[in-house]
Amino acid sequence: MNNTILVGTDGSPGAEQAVAWAAGEAAARGDVLRIVSAVNIAGLYYGGGAPLGESMLNDLRRASEGFVRQAEVIARSVSPSLRIEGRTSPEAPVPLLIEQSRGARMLVVGSAGYGQFLSTVLGSTTSALVGHASCPVAVVRGRDGTGEVPSDGPVVVGIDGSPVSERAVAMAFEEASLRGAPLVALHAWSDVVYESTRGTARLLPQWESLRDDEERLLAERLAGWQEKYPGVEIRRDLRVDRPRHALLELSGRARLVV
């Protein structure tokens, strides 16, 4: 795995949060921090095909360079000895980040922003990054609307027994070990709505009767990782609940959700 943490910035508060978090990750691992800002010139042409004036394009380029310089200042405040690469590009942010993610250890983006970069990364585009990046993607969010990125609490991972879930478990153990944090292993096995008049849940066997099987599944998925990371405290959380609801609830007191 490459020793580069990649982070995108547009100078917004959300992006600056992401830069600070990425700098901490790079410092903890001894990795290089690569800061990228994209101007997306192709998306700044008028509908009739007339390009923006050269002076405006130069202003945008300078602004992008300024975002990178400011991000470098933030990163140095986290770790003065951090190795940093700064890059600007005329490309669109999402294709650029997907291309840059090849060989990176992790791609980091903020969850909110007002500029050219993060306004495109929100919503469905975040899904595009998660779905197409060649490395894990970290979306940095503040807790409880305060903007403060949590530095305490457990690492939380959702487990469903699938191959994709196994990769998530591997990363969760690595992150918990790196942070000296406990790991909450969540397995929620009901994804139906009892209250719905058309729901089929009442026709299915009682979910509690399946608990023994679900406990065995969770134990099997954790067994090898417990041996590899004996120093990680594991807290098992089994629920008859919809997975997304359970994960959102646990995120309120977690430092990281995988």
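Observations on the structure shown:
- Taking region 87-174 as the region of interest, the strands (runs of 3 or more DSSP E) fully inside it that hold 2 or more residues being at pLDDT 75 or above and farther than 22 Å from R235 by Cβ are 106-110, 137-140.
- All positions within region 197-247 that are modelled with pLDDT of 85 or more, open to solvent by 90 Å² or more (accessible area, probe 1.4 Å) and among the acidic types (D, E): E220, E227, E233
- Residues (of a type outside the set (A, V, I, L, M) and open to solvent by less than 20 Å² (accessible area, probe 1.4 Å)) located in region 26-39: D31, S37
- Of all residue pairs spaced 6 or more apart or on separate chains, those with beta-carbon atoms under 9 Å, a first member in region 203-218 that is closer than 16 Å to L186 by Cβ and a second member that is at pLDDT 65 or above and open to solvent by 90 Å² or more (accessible area, probe 1.4 Å) are E215/R236; L217/D160; L218/R236.
The values are calculated or read from the model by the stated rules, or taken from the named source; none is laboratory data. Here the structure is a predicted model, which is why all the values come from computation and not from measurement. Here Cβ is always computed from backbone atoms with ideal geometry, including for glycine, and neighbour counts include all displayed protein chains. Note: areas computed on protein heavy atoms with side chains; ligands, DNA, RNA excluded. Shrake-Rupley method; radii C 1.70, N 1.55, O 1.52, S 1.80 Å.
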